[in-house]
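The values are calculated or read from the model by the stated rules, or taken from the named source; none is laboratory data. Values in this document were obtained by computation on a predicted structure and should not be read as measured data. Cβ sites come from the backbone with ideal geometry, for glycine too, and all protein chains shown count toward neighbours. All accessible areas refer to the heavy atoms of the entire protein, side chains included, with ligands and DNA or RNA removed. Shrake-Rupley method; radii C 1.70, N 1.55, O 1.52, S 1.80 Å.
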Amino acid sequence: MMLSPLPIVRLKPKTDVRKLRHGSPWVFANEVVTDRRTRAIAPGSLALLEDAARDVLGVVAVNPGSKIFCRMLDRDPAAQVDQAWFAARIARALALRTRLHAKPYYRLIHAEADGLPGVVIDRFGDMAVVQPNAAWAEAQLEPMVDALVAVTGVSTVIKNASGRARALEGLDEGLEVLRGAAPGGPVPVEMNGATYMADLMGGQKTGLFFDQRENHAFAARLARGARVLDVFSHVGGFGLACLAAGAVHALAVDGSEPALTLARQGAEAMSVSDRFETRRGDAFEALEALAGEGAQFDMVICDPPAFAPSKQALDAGLRAYEKLARMAAPLVADGGILGLCSCSHAADLARFRTASIRGIGRAGRQGQLIHTGQAGPDHPLLPQLAESGYLKALFLRL
């Protein structure tokens, strides 16, 4: 038995150890022996994980207040989680992104899939936005940021501490500039020929959704000469990509006026303002109003927030996806394209597809499924963790 300054957390005898040995990164609270000692471990602390036979499985991050009691950090029980350890993980992640993208605008760290559980880092040139969504990452923020700066050379690092994941870990919310100076305004980001304005200090999540880049590109391939409706457009995602590819007009619908302002600024930067229109309001109400106006589009794309963020919300979420498809389908001209997206962890591809097809059918339409998309390769999927494959996109010709 090895000597270590770290506390020990042990699995219950009936816990399936094979999934952990085969790469599963999470241990749930009902899988570990919990006594007064383990419950007293401070959230975010490091520990050694042992199986019931007392064989060490690796170094884990512990949060007794979370359903995810342990997150696997390193299979080597002698690993030292310090700046050098973070630098090695970040360098490995950076090597993939530099192969994928000519310019430094991408998801640099995608949590478990990049070996940093609960950590998201998006890069915007010489700026990076960090989301430490697990207690251990909050506790280790200093060496992680030092490593990030050393490996990438970014001059500004912003901590965006918000969202459901932090709440589940018992963490507070906040926005803080950790290194350098805050940007003076929105940061222009070029993707697929379009320009997006990312608000790193006040926008949703990290300011921009890099995960839809490949799906934007697919939609853009079909957009030449098209009239496009982009529902839940945020800063203009699908609409601006389609305009860059030759769409004749795009209407962006979103509930956030600040997001639509950024979308209009992006259109102006691209010199396509004359072909770009925005409408603020509830998406379902906007779809109903457009139907009442007799509007028709060659392409309608709906990219809503997570309707099913948890298993408890799954049934209601699937009904919402079905309703969205039912209301969007009548607005698609014959032979046109309907794009439907989901970023819900709890709704897998099969369930989402079933709900969407049912909604299209209830609208009296029929479609050919021509493409199924997912997040881009800068959002790698950890095969042992289904939750890392959250984004789904269906494109149908109606």
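Quick rundown of the values:
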item	result
Subset of the stretch 322-351 (residues that are assigned to a helix (DSSP H, G or I) and out of contact with any Phe, Trp or Tyr (no Cβ under 6 Å at 6 or more places or on another chain))	E322, K323, L324, A325, R326, M327, A328, A329, P330, L349, A350, R351
Residues of the stretch 141-194 that turn out to be of a type in the set (A, V, I, L, M), part of a strand (DSSP E or B) and open to solvent by less than 60 Å² (accessible area, probe 1.4 Å), as a count	9
When residues of the stretch 64-75 are limited to those that are in contact with a strand residue (DSSP E or B) (Cβ under 8 Å, 6 or more places away or on another chain) and not basic (K, R), the one farthest from V27 (Cα to Cα)	D74
Subset of the stretch 195-207 [touching a residue at least 60 places away in the same chain (Cβ under 8 Å), under 17 Å from the mean Cα position of the chain (by Cα) and open to solvent by 10 Å² or more (accessible area, probe 1.4 Å)]	D199, K205
Which listed residue is among the acidic types (D, E), open to solvent by less than 10 Å² (accessible area, probe 1.4 Å) and modelled with pLDDT of 95 or more, from D230, D274, D254	D230
Filter pass, A320 being surrounded by fewer than 23 Cβ atoms within 10 Å (Cβ to Cβ) and at pLDDT 95 or above	yes
Answer residue from the stretch 1-44, given it is closer than 17 Å to D76 by Cα, assigned to a loop (DSSP other than H, G, I, E, B) and not small (G, A, S) and is least open to solvent (accessible area, probe 1.4 Å) among those	P25
Residue that is modelled with the lowest pLDDT [pool: residues in the stretch 1-58 that are over 31 Å from the mean Cα position of the chain (by Cα), of a type in the set (S, T, Y) and under 22 Å from Q140 (Cβ atoms)]	S4
Failed criterion for Q212 (all others in (1) under 26 Å from A320 (Cβ atoms); (2) open to solvent by 10 Å² or more (accessible area, probe 1.4 Å) hold)	(2)
Inter-residue pairs, beta-carbon under 8 Å, first in contact (Cβ under 8 Å) with a residue 24 or more places away in the chain and more than 17 Å from H110 (Cα to Cα) and in the stretch 68-91, second assigned to a helix (DSSP H, G or I) and of a type in the set (G, A, S), 6+ apart	I68/A29; F69/A29; Q83/A147; Q83/A150; A84/A147
Residue satisfying condition, being open to solvent by less than 40 Å² (accessible area, probe 1.4 Å), touching a strand residue (DSSP E or B) at 6+ places or on another chain (Cβ under 7 Å), assigned to a loop (DSSP other than H, G, I, E, B) and not basic (K, R), within set A61, A93, A79, A47	A79
Residue match in the stretch 376-387 (condition: touching a residue at least 12 places away in the same chain (Cβ under 8 Å), open to solvent by 40 Å² or more (accessible area, probe 1.4 Å) and in contact with a strand residue (DSSP E or B) (Cβ under 8 Å, 6 or more places away or on another chain))	no
Search result, residues across the stretch 111-169 that are of a type in the set (S, T, N, Q), touching a residue at least 60 places away in the same chain (Cβ under 8 Å) and more than 14 Å from A61 (Cα to Cα)	Q131, T152
